[in-house]
Amino acid sequence: TADGHVRGELKPVRAGEQDARLVLAAQSSLSVRVADQDGKAPPRFDLLLLGWNESTGSLADVPRAQIARVFAAQLVDGAYRAGTVDPGSYVVQVEAPGFAKSFSEPFTVGTSEVAREVSVVLRAGGSIRIRIARADGSPLAGASVATLPAFADENPLTKMLGQALPIRTTRATATTSDDGFCELGHLAAGTYQIGVTHADHCESRLRDVVVADGTSIVLPELRLVRGSTVTGTATVDGV
């Protein structure tokens, strides 16, 4: 491995071999231009390079890629120089204050490509408003409302993957106020689940919640039930 070059590998190499030669190809430089729909660049944004699987339309982590916090002073001719990349297919993810998580169009970097510039248009996203109530319809304050990926379920493995995998939707949480309402804003367009938890009530979910860019939706009231408390005694040899 060498900075600015594609990782190379030579095999098999036998013990005692001399003058082995390995030629590393240069990586392509990547520049990213970020602006809102009016063409104005934000004062700061967080940028992350992700892999793109064209056959499945899914995102993937890129080895050694890290989130870069970018300020306007770091831009060169309006673009951020994001470093160098191996040949492959990618998507650039950008998060900026006041906007939803936004993405570039998928792009492919060729083996002989010297430089590539991509653009990301920031989106306002959509918002969700919901009222959480007790079983009798009275408002329930202090309930935690969270957005979940559409594929998330109660399976522990799926829950773990849902936290680790890069996704296009937005992870957001809010707490209900005294009137039982809360609002989740700047959500990237997509299909969500809404998970609701409260210390004294059973967990509940709303599925197939579709959020569109630039829209605000009010979900049906969700009533939580207290459920039952189960107590008992465990014994070993009667003790």
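The values are calculated or read from the model by the stated rules, or taken from the named source; none is laboratory data. Predicted, not measured: the structure shown is a model, and the values here were computed from it. Cβ sites come from the backbone with ideal geometry, for glycine too, and all protein chains shown count toward neighbours. Side chains are part of the model used for accessible areas, which takes the heavy atoms of the whole protein and leaves out ligands, DNA and RNA. Shrake-Rupley method; radii C 1.70, N 1.55, O 1.52, S 1.80 Å.
Taking label positions 7 Å along the Cα-Cβ direction at both Leu22 and Asp153, the computed distance is 4.4 nm, reported to one decimal.
Could you work out the longest stretch of the chain that avoids the trypsin sites (Lys or Arg not before Pro) located in DSSP loops with at most 10 other Cβ atoms within 10 Å?
On the way: sites that count: Arg14, Arg21, Lys40, Arg64.
With a cap of 10 other Cβ atoms within 10 Å, the longest stretch comes to 65-239.
Just tell me the longest site-free run in the chain, where the sites are GluC sites (Glu not before Pro) in a DSSP loop having at most 16 other beta-carbon atoms within 10 Å.
Numbers: sites that count: Glu9, Glu17, Glu54, Glu113, Glu154, Glu221.
Counting at most 16 other Cβ atoms within 10 Å as exposed, the longest clean stretch of the chain is 155-220.
Contact order, relative form, for the chain: 18 percent (alpha carbon pairs under 8 Å, 6 or more residues apart, mean separation divided by residue count). Between Ser58 and Arg44, the simple label model (points 7 Å from Cα in the Cβ direction) yields a spacing of 3.4 nm.
Rolling a 1.4 Å sphere over the protein heavy atoms, what is the accessible area per residue of the range 34-136, to the nearest Å²?
Working: 5600 Å² over 103 residues.
Spelled out: the 1.4 Å probe surface of the range 34-136, per residue, equals 54 Å².
Using a/c under 1.5 as the rounded threshold, could you call the range 100-239 rounded, prolate or oblate? The axes a ≥ b ≥ c are square roots of the C-alpha gyration tensor eigenvalues, and prolate needs a/b larger than b/c, oblate otherwise.
Cα axes put the range 100-239 in the oblate bin.
Run the accessible area of the chain with a 1.4 Å probe and give the carbon-and-sulfur part as a rounded percent.
The nonpolar share, carbon plus sulfur, comes to 50 percent.
Against the set (1) 65, 49, 37; (2) 77, 66, 32; (3) 51, 38, 37, the structure's computed Cα extents along the principal axes in Å falls on (2). Using a probe of 1.4 Å, the accessible surface attributed to Ile67 totals some 120 Å² when neighbouring protein chains are kept in position.
The candidates Ser144, Ser127, arranged from most to least accessible area with a 1.4 Å probe in the full protein assembly, appear as Ser144, Ser127.
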